[in-house]
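Working notes, beginning with the structure itself.
The values are calculated or read from the model by the stated rules, or taken from the named source; none is laboratory data. Just so it is clear, the structure is predicted and the values come from calculations on it, not from any experiment. For neighbour counting, all protein chains shown are included, and Cβ atoms are generated from backbone atoms with ideal geometry for every residue, glycine included.
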Amino acid sequence: MTTHEVFNQVPPLAGHDAADDPALLDGLAREGAGWATDEVRELGRLAGTEPAIEHGRLANEHPPVLRTHDRYGHRIDEVEFHPSWHELMRTAVGHGLHAAPWADDRVGAHVARAAKFYTWRPDAGHGCPISMTYAAVPALRHAPDLAARYEPLLTTTAYDFGLRAPLTKRGLLAGMSMTEKQGGSDVRANTTAARPQPDGSYRLTGHKWFTSAPMCDLFLTLAQAPGGLTCFLLPRVLPDGSRNPMRLMRLKDKLGNRSNASSEVEYDDAVAWRVGDEGRGVRTIIDMVNLTRLDCVIGAAAGMRQGLITAAHHAAHRRAFGRHLVDQPLMRNVLADLAVESEAATVLMMRLAGATDRSARGDATETAFKRIALAVGKYWVCKRWPGHAAEALECLGGNGYVEESGMPRLFRESPLNSIWEGSGNVAALDVLRALAGQPEVMAAFRAEVAAAAGADPRLDAAARQALAALADPADLEVRARRVVEQLALLLQGALLVRYGHPAVADAFCASRLGGDRGHAYGTLPAGVDFAAIIDRATPKLT
């Protein structure tokens, strides 16, 4: 007798367009990058193919390996990657997900890049060096001579892996190395020392607790110079082809993000060049940090979308108790709630990308808005991802708890973006700092919210409540997380009311602003247009 007949199993989620996301495509046009739609769709179709999905799996199944010495005992400090990692990197660099927008004069170049970074997600780990390379350029411009030499190679779309003298390569990747074991986010406590040399270079000696993507060609790092904490550019290989003494001590054994190498390094009299003035290291490298924070928001929004479409795909094909899961009222509530959260994150992400693009072109109002909205978005969207990933996983039942589903990998990835580039407390306090010393920042935020005034009474009430909480100075630091949460929900609500699907905006205002919701996903109020919301979340297979 046949005892193992397979039926009622969900078909693979392959052959779909990962860019078939109405919130993404609408935002692309709205924020000035409609010209990039064809390329984003092309990349989305590639991301949804079986080979791309398999490359993502293999890159995580076979994490990087540190080779400190060769067979003869020579120190080499090399990181070995699976071929699938290189395939993912080649696609990302080839489509300009790294620093390419800085060499593109078209309006919306940074928006297009954000949409592509959101779309190309077969694996999250390889996004780390891509993100840091993107963010390095504005910080490097504090040293015009260095920027003139290295920026053209950082912005080119050639992926050229291997440790060679930077100026001999077809393309470069950049990393960031700030934190030390005694300081963490408190980088002013760093002890790495920088000694000036007669030729204008510096020699760095010290230990870095976290250096992600140590196989990059260049690193922006912080060290204590005679004039105080200073930013430096440090290459892995010196111009003469010799190895810079940046020793890779070990790779971190991380919860997730396993395809990406994160390391501890020691600088043993390593050569570096100053970027910006001595003593202004934080002000210099913050240009890089702010852009990697943008990518934290993009990554979290993309992760929510991935979890959502996986859950919706499963529910559309799996039957239980005589019906497809998607036809069962309570599952429809869960899926719709997940979709509302995902779309709110995506709309905010695209607005931040638009602000980044216009800020890079000199728009002072957008620069002020970005200053607060980016910190607010970094705090809230990244905080929402882990709970969202857990609920999406649960939609698959026991199958979701099995590695083959891909959901455990997504779940392990979800806490990272809230930690990277400043944990929740750092982000919340950054919002208060922005508001305290820059009145134009608050004015820009108020103007953004005011553009939706009168469109929904629940939004108007939330605006009054959030702004009143912010105006009360009593125990403001203690209440910082709550205040920033209110600002985030207010901003998302305002954007959805103006730009989102009416059913999504109504469900968001009712549940997130009107309070008609429980403490778990799947508790939206009756009357929500579940069908319209879920339809936007269900992937179409080709």
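Points worth noting:
- When VAL271 is tested against (1) within 22 Å of SER131 (Cα to Cα); (2) assigned by TED's automatic domain parsing to the domain that holds SER201; (3) of a type in the set (A, V, I, L, M), just one condition goes unmet, and that condition is (1).
- All of TYR379, TYR401 fail the test of being among the hydroxyl-bearing types (Ser, Thr, Tyr) and crowded, with 24+ Cβ neighbours inside 10 Å, apart from TYR379.
- Region 155-173, residues that are without any contact (Cβ under 8 Å) to a residue 60 or more places away in the chain, surrounded by 15 or more Cβ atoms within 10 Å (Cβ to Cβ) and not polar (S, T, N, Q): ASP160, LYS169, LEU172
- Any hit, region 277-284, residues being touching an Asp or Glu at 6+ places or on another chain (Cβ under 9 Å) and either buried (at least 23 other Cβ atoms within 10 Å of the Cβ) or among the aliphatic types (A, V, I, L, M) (or both): yes
- Listed by first and then second residue, the pairs with beta-carbon distance under 6 Å, at least 6 apart or on different chains, first residue in region 527-541 and among the aromatic types (Phe, Trp, Tyr), second assigned to a helix (DSSP H, G or I), are PHE530/ARG332; PHE530/ALA336.
- Within region 1-59, being farther than 25 Å from ARG409 by Cα, in a helix (DSSP H, G or I), free of Cβ contacts under 8 Å to residues at least 12 places away in the same chain and not acidic (Asp, Glu) holds for one residue alone: ALA29.
- Helices (runs of 4 or more DSSP H) contained entirely in region 103-162, each with at least 2 residues that are polar (S, T, N, Q) and modelled with pLDDT of 95 or more: 127-140
- Taking the numbered list (1) touching a helix residue (DSSP H, G or I) at 6+ places or on another chain (Cβ under 9 Å); (2) more than 19 Å from ASP268 (Cβ to Cβ) in turn, ALA165 passes all entries but (1).
- Residue-level analysis places HIS86 among those that are part of a helix (DSSP H, G or I) and surrounded by fewer than 22 Cβ atoms within 10 Å (Cβ to Cβ).
- When LEU291 is tested against (1) out of contact with any Ser or Thr (no Cβ under 6 Å at 6 or more places or on another chain); (2) outside the structural domain of ARG409 (by TED's automatic domain parsing); (3) buried (at least 17 other Cβ atoms within 10 Å of the Cβ), just one condition goes unmet, and that condition is (2).
- Sub-8 Å Cβ pairs linking a first residue in region 187-199 that is of a type in the set (A, V, I, L, M, F, W, C) to a second residue that is modelled with pLDDT under 95 and part of a strand (DSSP E or B), at least 6 apart or interchain, number zero.
- Residue count for region 180-211 under the criterion of being of a type in the set (Lys, Arg) and at pLDDT 95 or above: the result is 3.
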